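For reference, the structure discussed in these notes is given below.
The values are calculated or read from the model by the stated rules, or taken from the named source; none is laboratory data. What you see is a predicted model; the values in this text were computed from it and never measured. Because the Cβ atoms are built from the backbone with ideal geometry, glycine has one as well, and the counts that use them run over all protein chains shown. What goes into the accessible areas is simple: the full protein's heavy atoms, side chains included, and nothing from ligands, DNA or RNA. Shrake-Rupley method; radii C 1.70, N 1.55, O 1.52, S 1.80 Å.
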Amino acid sequence: MENVTPEYKECIIEGRNAVIEAFRSGREIDRVYILDGCKDGPILTVKRQAAKKNTQIRYVTKERLDQLSETGRHQGVIASVAAYGYAQVEDMLALAEKKGEAPFLILLDNIEDPHNLGAVIRTANLAGAHGVIIPKNRAVGLTAVVARTSAGALNYTPVARVTNLAKTMEELKKKGLWFVCADMDGTRMYDLNLTGPIGLVIGSEGEGVGRLVKETCDLVAAIPMKGEIDSLNASVAAGVMAYEIVRQRSL
């Protein structure tokens, strides 16, 4: 089976010129770490390039940069680069059409733990989802840890990164998809019709799904829980919900 996402060998780019050239070449950059207080010309260029690409900037101490550095020559700036290339949302719809299936997408909001993202990608592959969509900001990208945690699923399951999750959902609604998010205040998932072209929205364990994203969803589904604590790990919640969708689609 052909890989849907080509692997990149380098995950960290260090140094001012190297980071600037990475931006100019169109390389997918997840995040830029800049020495707090540094405002010279090359750093301002990095910031302008990051703004053009809507790339998240984090201002950190020299100690943090030294910790991230692999060469010891970061010059006050380090870029975190996707370990794998990102797909387009249209690629996922095309994959569903090629398989003759109703689209099934998993969307993640506020997921910053790479192990959670990797586990969701693995679940998405096994559950037959056609892709995973993540936001650019306040979210982990396709790091090497994500790739390892996905246990190879990242080679076969496309992941798209979008600027605005709610806007992307609205655009997909025009193409026939509808959306359900997991939230403890929703309707019991067994009592909902989760068939047809669907997008499953999962939020972080702490914050859940953001307000605008939740308001964009058509349904809110609750996972029945019997224990004393009130929330599941995000990747576990994604797995439970995804397989309820699988079960209903197979009836």
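Worth a mention:
- The numbered conditions (1) surrounded by fewer than 14 Cβ atoms within 10 Å (Cβ to Cβ); (2) under 17 Å from the mean Cα position of the chain (by Cα) are all true for Glu228 except (2).
- Close contacts from segment 224-251, counting a first residue that is within 15 Å of Leu192 (Cα to Cα) and a second that is among the charged types (D, E, K, R) and surrounded by fewer than 17 Cβ atoms within 10 Å (Cβ to Cβ), with Cβ to Cβ under 9 Å and a gap of 6+ residues or different chains, come to Pro224/Arg188; Arg249/Glu101.
- Hits in segment 62-102 (condition: open to solvent by 80 Å² or more (accessible area, probe 1.4 Å), over 14 Å from Val19 (Cα atoms) and either without any contact (Cβ under 8 Å) to a residue 24 or more places away in the chain or of a type outside the set (D, E, K, R) (or both)): Glu63, Gln67, Gln88, Glu90, Glu97, Lys98
- Criterion: on the phi < 0 side of the Ramachandran plot and in a helix (DSSP H, G or I) - qualifying residue of Ala102, Ala139, Ala129, Ala124: Ala124
- Of all residues in segment 15-56, those being of a type in the set (D, E, K, R) and not in a loop (DSSP other than H, G, I, E, B) number 8.
- Residues being surrounded by fewer than 14 Cβ atoms within 10 Å (Cβ to Cβ) and either within 26 Å of Leu251 (Cα to Cα) or at pLDDT below 95 (or both) - total across segment 152-183: 4
- First in segment 28-43 and more than 12 Å from Val77 (Cα to Cα) and open to solvent by less than 40 Å² (accessible area, probe 1.4 Å), second anywhere and among the β-branched types (Val, Ile, Thr) and not in a loop (DSSP other than H, G, I, E, B), Cβ under 9 Å, 6 or more apart: Ile29/Ile13; Ile29/Val19; Ile29/Val81; Asp30/Val81
- Odd one out for Thr123, checked against (1) surrounded by fewer than 20 Cβ atoms within 10 Å (Cβ to Cβ); (2) over 19 Å from Asn137 (Cβ atoms): (1)
- Contacts under 8 angstrom Cβ, first residue in segment 105-128 being modelled with pLDDT under 95, partner buried (at least 24 other Cβ atoms within 10 Å of the Cβ) and aromatic (Phe, Trp, Tyr), 6 or more apart: none
- Val213 falls short on exactly one of the conditions (1) under 19 Å from the mean Cα position of the chain (by Cα); (2) more than 16 Å from Arg122 (Cα to Cα); (3) surrounded by fewer than 22 Cβ atoms within 10 Å (Cβ to Cβ), and that condition is (3).
- Conditions (1) open to solvent by 70 Å² or more (accessible area, probe 1.4 Å); (2) under 15 Å from Asp109 (Cα atoms); number of the one not met by Leu251: (2)
- Any chance Val209 is in contact with a helix residue (DSSP H, G or I) (Cβ under 8 Å, 6 or more places away or on another chain) and closer than 26 Å to Lys53 by Cα: no
- Flag if Val4 is at pLDDT below 95 and not basic (Lys, Arg): yes
- When segment 57-99 is limited to residues that are in contact with an Asp or Glu (Cβ under 6 Å, 6 or more places away or on another chain), outside any strand (DSSP E or B) and closer than 29 Å to Gly206 by Cβ, the one that is modelled with the lowest pLDDT turns out to be Ala82.
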